[in-house]
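What follows draws every value from the coordinates through simple rules; no lab data is involved. Bear in mind that the values here come from a model prediction, so they are computed numbers and not experimental data. Quick reminder, even Gly has a Cβ in these numbers, built from the backbone with ideal geometry, and neighbours come from all protein chains shown.
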Amino acid sequence: MAFGANVDYAVMHKIYGASQEPEARYSPARCIGSDMKTIIGSPDYQHVSTSFAERQNLTMRMSMRRFTRLTNAFSKKLENHCHAVAIYFAYYNFCRIHQTLRVTPAMEAGLTDRVWSVGELLNLVAPVAQAA
C-alpha cells in the first residue's frame with residue numbers, strides 16, 4: 001500500500017509434503033509444488049521468488065540465536081524480541097559492510113555516506129532509554 005499502484009508485486013506460495021519418517025521431525029519438509037498470485041501490478045513471473053526472503057531469514061536466524069527455539073537465548077517476551085530485531089536490522093543495514101555490495105545497504109540506498117560504528121548506533125538508542 002505504501003507504493004500505491006507503482007509497484008509490481010506477486011506472492012509465491014510453496015506447498016510442502018509431510019515427511020513419512022518420525023525421526024525427521026527437525027528436518028525440513030519436501031517442497032512438492034508452488035502457486036503464484038499477483039497482488040498488484042503486472043509482475044514478471046520469472047522473477048517471482050522466495051530466495052531473497054529465505055536468505056534474509058537464514059541470515060537472521062544464524063546471526064541471532066533468539067530465533068532458534070532450542071537455545072537459552074530464545075525470546076520469551078515479545079517486547080524484548082522486537083527490540084533485538086530492531087537493533088539487528090539497524091546494525092545489518094548501517095554498520096555491516098556486505099561482501100557483494102562492498103558498502104552497507106544504507107550507503108547503497110543513499111541513506112548515509114559512511115559506515116556507522118556500533119557506538120553511533122547505540123547513541124541513537126540512549127536518549128530514548130533515558131526518557132523512559
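In degrees, nearest 10, range 0 to 90: what is the angle between the Cα axis of helix 78-94 and the longest Cα principal axis of the chain? Approximately 80 degrees, to the nearest 10. When the chain is treated as a GNM, springs tying every alpha-carbon pair under 10 Å, which of ARG96, ARG61, ARG30 comes out with the largest mean-square fluctuation? Highest fluctuation among the options: ARG30. Mind pulling the angle between the C-alpha long axis of helix 51-63 and the longest principal axis of the chain? Nearest 10 degrees, somewhere in 0 to 90. Helix 51-63 sits roughly 50 degrees off the main axis of the chain.
Select from SER42, SER75, SER27 the residue whose mean-square fluctuation is largest in a Gaussian network model of the chain (Cα-Cα springs shorter than 10 Å). For the chain, modelled as a Gaussian network with Cα springs under 10 Å, the answer is SER27. Helical runs assigned H by DSSP (4 residues or longer) give the chain a calculated mean residue ellipticity at 222 nm of -11500 deg cm²/dmol, each run adding -39500 (n - 2.57) before division by the residue total.
Here the calculated FRET efficiency for LYS76 and HIS47, from their Cβ-Cβ distance with R0 = 35 Å, stands at 0.35, rounded to the nearest 0.05. Only one item in [x] 55; [y] 67; [z] 34 matches percent of Cα pairs over 24 Å apart derived from the coordinates shown, and that item is [x].
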